[in-house]
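Here is the structure we will look at, set down as structure tokens.
The values are calculated or read from the model by the stated rules, or taken from the named source; none is laboratory data. Please read all numbers here as calculations on a predicted model, not as lab measurements. Note: ideal-geometry Cβ built from the backbone for every residue, glycine included; neighbour counts use all protein chains shown. Please note that ligands, DNA and RNA were not included when accessible areas were found on the heavy atoms of the full protein model with its side chains. Shrake-Rupley method; radii C 1.70, N 1.55, O 1.52, S 1.80 Å.
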Amino acid sequence: ERGHGPYQPHEPGYGLDQPGYSPYEDEIPDPQARMLAIKNAKAYLLKTSTVSGLNLYDHFANILTKILDEQPTNTVDIIENISKDVKWAQFRKKMDTLRDEHVIPPTFEAAEKCKALFIKEGGEEEHEELDEEMPSLPNVMETAFYFEQAGVGLNKDESYYIFLALKNLINVQPIQTCRFWGKILGLEMNYIIAEVQLREGEEEEETGEEGEETVAEEEKEMGEAEEDEQKEKEAEPPKSTYKPPPEIPKEPNGTGTNKYVYFVCNEPGKPWVKLPPVTPAQIVCARKIKKFFTGRLDAPVVSFPPFPGNEGNYLRAQIARISAGTHVSPTGFYQFANEDEEEEEGADIYEENPEFEPPPVAEMVESLATWAHHVKGILKQGRCVWINPSQKSEENLFEEEEEEEEEGEEQQEERGPPLLTLISEDEGMKDIPAWTAQASTNLIPEYSVAILQSNRWPGAYAFASGRKFENIYFGWGHKYSPESHTPALPPPAQAEFPSGPGITETVDPTVEEEMAFKAAQEEALAEAEEGEEDEEEDD
């Protein structure tokens, strides 16, 4: 066992701290050993504490300095208090002002951020009048209560803050329906997401503004094209024969992946920011990459293949993917508005079934056929409804007949699963099923709640209790993969130009070969001149 102190029995200096020990009793000690013992003792005193960051050597030096400067009476009786005063002075701010700086506690800062959520702008009478015209506010606390039974969700304080933040969003924005979508975690800050539907007029105004921007862009492109034509007339460089693939247009607002509008904020009380519509190119690229969110919407997304947009666009693409794969409801709760729409491929309109009878919780836990998707799946093209991108280029059919024949096989129409498809038909990941259903409690089954968990998108949950159900997401926004993520490889390098005799560099001739070549040319010229003279004499 290790003895008291930093020394082992075989080390020099062992026993110096024992009472009654004198190194001069037997023999005079070695001075080198004594110096080594002193160095070991000082090294021990200089060890830094892992709690306070101080060391005993400096602490003793500060205590002695304070005692010699002040020279108090009965120092041995107050040595403990002097030690405490010295430690306290180390952590006290050294300021030149007469008054100490007021330190704001973190709880006060958190309360100041959420203070705006509890302040009403107008009187109570005005709010009562507005409540009649306001859209239905989602009961976040009730949803949190049901998910809490499964151990999922946020604490009550944060849930109530989000409840108030959604109310402020409804007061500011022209919203028709509102729902708490979930929370996506980030490295620096998190995203609280609200899923809303704007009023009909507001969406049309947005599309009109986008149309004006596109017209202005087209006018700029026309002007630039005219300038390019004038430059080409002066000096025509070689033209490239490469033609980029046609850009797939995004789905209009209110349909497909852009059916809903999403607002995000980092914390309740901070301003809500509207996310832009998602494009098929962003969804296709988001499937090939895996990036952690930072919490800043304007942060660049550095990846390969390069993502067409910033973190706000990447967040919108992930929201669309998660919603399409995890938003489910009890089978039969929704039905198509018309019987003909069930046969249509692009049917995206459904309504609540007033004759729906909720199945018991035990049945919803045992059979996945009691759950169905009520959000359309996203095709490989990045849209919910397939579109032929080569339709716009039908004017140049005579020039592009061969290319269209080659691309005819690739441009096959994609068809995804129809709306309200049962989740029992979802494919699993190797030995892992796509969904896991369980009851909130087995002790009191008559009051339990059916909980559904997505294994493909960890963090996506759904509950059902009678006619009440809800979907929510808490996670990093990443899809589960049984294998580690492997980024896409860059395309292969372009092949070299085929070499031939016409472009192959020849070996330089020697001096003898050059002299022989010149002599042969001179002989050929002389013979040609003699032939011309003979022809003139004959004439």
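Some values worked out for this structure:
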| read-out | value |
| --- | --- |
| Ranked order, ASP77, ASP538, ASP58 - accessible area, probe 1.4 Å, largest first | ASP538, ASP77, ASP58 |
| Residues whose placed amide H lies under 5 Å from that of LYS270, excluding near-sequence neighbours | none |
| Two-site FRET efficiency, LYS84 against TYR44, from Cβ-Cβ distance with R₀ of 25 Å, rounded to 0.05 | 0.65 |
| Rounded, prolate or oblate (a/c below 1.5 giving rounded, otherwise prolate when a/b exceeds b/c) for segment 31-87 by Cα gyration tensor | oblate |
| Area accessible to solvent at GLU533, 1.4 Å probe radius, in Å² | 110 |
| Across LYS243/LYS290; LYS120/LYS274; LYS291/LYS479; LYS167/LYS270; LYS156/LYS479, pairs whose alpha-carbon gap is larger than 21 Å | LYS243/LYS290; LYS120/LYS274; LYS156/LYS479 |
| Cut-off 15 Å between beta-carbons: net charge of the residues surrounding PRO72, Lys and Arg +1, Asp and Glu -1 | -3 |
| Which of PHE180, PHE108, PHE163 is most accessible, then next, and so on - probe 1.4 Å | PHE108, PHE163, PHE180 |
| Neighbourhood net charge (14 Å Cβ-Cβ; Lys/Arg +1, Asp/Glu -1) for LYS479 | +3 |
| Packing rank of 37-47, 110-120, 324-334, where each peptide gets the mean count of other beta carbons within 10 Å, highest leading | 324-334, 37-47, 110-120 |
| With DNA, RNA and ligands ignored, accessible area of SER390 (1.4 Å probe; Å², nearest 10) | 30 |
| 3J(HN,Hα) from dihedral phi, segment 151-158, Karplus parametrisation 6.51/-1.76/1.60, rounded to Hz, x for glycine, proline | x, 10, x, 9, 6, 5, 5, 5 |
| Local electrostatic count, ALA111, Cβ distance below 13 Å [Lys/Arg +1, Asp/Glu -1] | -2 |
| Heavy-atom accessible area ranking, 1.4 Å probe, most first, across MET429, MET141 | MET141, MET429 |
| LYS270 accessible area, 1.4 Å probe, all protein chains in place, Å² to nearest 10 | 80 |
